[in-house]
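Notes follow once the structure below has been shown.
The values are calculated or read from the model by the stated rules, or taken from the named source; none is laboratory data. Note that the coordinates shown come from a computational prediction; the quantities given were computed from them, not determined experimentally. Glycine also receives a Cβ, built like all others from the backbone with ideal geometry; neighbour counts cover every protein chain displayed.
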Amino acid sequence: MFIAAAAVITLVAGDFASTFFYHVPQHVWFTLHLRTHHDRRRSYWDHAVLTSDPSVLLDGILGALPYVLVAALVWRLSWEGTLLGLAIGQVHVWWRHTTELGWKSPAWVRAALRPLWVVLPEDHDGHHRNPDIEFGDIFRFYDAPARALLAILAPTSRRTRNAAGRGRPGRTPARA
């Protein structure tokens, strides 16, 4: 019981923290994530799984840090559950980048995971193609609140201010 609870807490709270304290701020104010995760000139399977590029590894570590911090808080509930949650999270990172390898989620996987709001590889592929949609590393229920936060914070973005300064008020430039 405690193992499952710790695993679920690690995944749900870790995804919340990673989405709202790392992922959304990276899309609004910073460039590390956009350069490494949304660069259409390189394979995102390679950068998510096979790379040794220090900037890509840093982005991955910073994105994983909220999960590790949550796991540290949940550790006393069940160390086995926190390790299980972290392991499931890592396997999910690899799995969600498989569309580039030709993976298509079978109907039974979609049927099993959609009610749980789990991000499928096809969902995450949508985020690679359009960085303003499909937020949430593991759970899709963070997408709508993340997009709302992104819209609220957009006026504070350097990109928005730069576009307005070039005579294009109200237009947010496309992200790489």
**OP:** Pull up the range 130-139, narrow it to residues that are surrounded by fewer than 19 Cβ atoms within 10 Å (Cβ to Cβ) and free of Cβ contacts under 8 Å to residues at least 40 places away in the same chain, then point me to the one that is farthest from ALA17 (Cα to Cα).
**Re:** ASN130
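The rows are residues; the columns are (1) surrounded by 15 or more Cβ atoms within 10 Å (Cβ to Cβ); (2) hydroxyl-bearing (Ser, Thr, Tyr); (3) at pLDDT below 90.
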{"residue": "PHE21", "(1), (2), (3)": "no, no, no"}
{"residue": "ARG40", "(1), (2), (3)": "no, no, yes"}
{"residue": "HIS47", "(1), (2), (3)": "yes, no, yes"}
{"residue": "LEU57", "(1), (2), (3)": "no, no, yes"}
{"residue": "LEU65", "(1), (2), (3)": "yes, no, no"}
{"residue": "VAL70", "(1), (2), (3)": "yes, no, no"}
{"residue": "ALA87", "(1), (2), (3)": "no, no, no"}
{"residue": "LEU101", "(1), (2), (3)": "no, no, yes"}
Subject >> Residue pairs meeting the criteria (Cβ under 7 Å; at least 6 apart or on separate chains; first under 21 Å from VAL70 (Cα atoms), in the range 89-103; second part of a helix (DSSP H, G or I) and of a type in the set (Phe, Trp, Tyr)) >> reply: GLY89/TYR67
Original post:
How about the range 1-11: which of its residues are in a helix (DSSP H, G or I) and surrounded by fewer than 16 Cβ atoms within 10 Å (Cβ to Cβ)?
Top reply: PHE2, ALA4, ALA5, VAL8
**OP:** State the number of residues belonging to the range 152-176 that are modelled with pLDDT of 90 or more and surrounded by 12 or more Cβ atoms within 10 Å (Cβ to Cβ).
**Re:** 2
